[in-house]
Amino acid sequence: MTEVMFHLNVEDRLGYACRLLRKACAVDARVVVSAPAQTLARLDSLLWTFEPAAFVPHLRVALGAEVPARLRDTPVWLVEQVEQAPHHDALVNLGDDLVPGFESFDKVIEIVPDDEASRQA
């Protein structure tokens, strides 16, 4: 059964995700992040710049793109659809909707902003 965790009342969803992914990499965890394309683009940029001395190895996978074999071991994958994921260890949802296929992951982390509309979604 999938373990679902809610990180509630997050003021800066993308900043929080950067810190969470940094911690995950520090313990050699593999994580898939699902979100709409615009959110993934912003997260991709932030993962390069959010902390000058930190590096979070990640891969943004365009919908339908083929991933070269040499990149398949990258610990953090940014995807629009979880069917693109190379593993099903942990899923971080940065969207407001339920991720189709979430139940195939061992763990799901929902990052919920501090506004009422996001909490209700």
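What helices (runs of 4 or more DSSP H), lying completely within the stretch 12-121, carry at least 1 residues that are in contact with a strand residue (DSSP E or B) (Cβ under 7 Å, 6 or more places away or on another chain) and crowded, with 17+ Cβ neighbours inside 10 Å?
Correct list: 13-26, 37-49.
Output the number of residues of the stretch 79-103 satisfying the condition of being small (Gly, Ala, Ser), under 17 Å from MET5 (Cα atoms) and within 12 Å of the chain's Cα centre (by Cα).
Selection size over the stretch 79-103: 2.
Quick test for you: out of GLY64, GLY101, pick the one residue that is more than 21 Å from VAL27 (Cβ to Cβ), of a type in the set (Gly, Ala, Ser) and modelled with pLDDT under 90.
Answer to the selection: GLY64.
Which residues, counting only those in the stretch 9-66, are in contact with an Asp or Glu (Cβ under 9 Å, 6 or more places away or on another chain) and in contact (Cβ under 8 Å) with a residue 60 or more places away in the chain?
Scanning the stretch 9-66 gives ASN9, VAL10, GLU11, ALA29, ARG30, VAL31, VAL32, SER34, ALA35.
The values are calculated or read from the model by the stated rules, or taken from the named source; none is laboratory data. In this text, all values refer to a predicted model and were calculated from it rather than measured experimentally. Because the Cβ atoms are built from the backbone with ideal geometry, glycine has one as well, and the counts that use them run over all protein chains shown.
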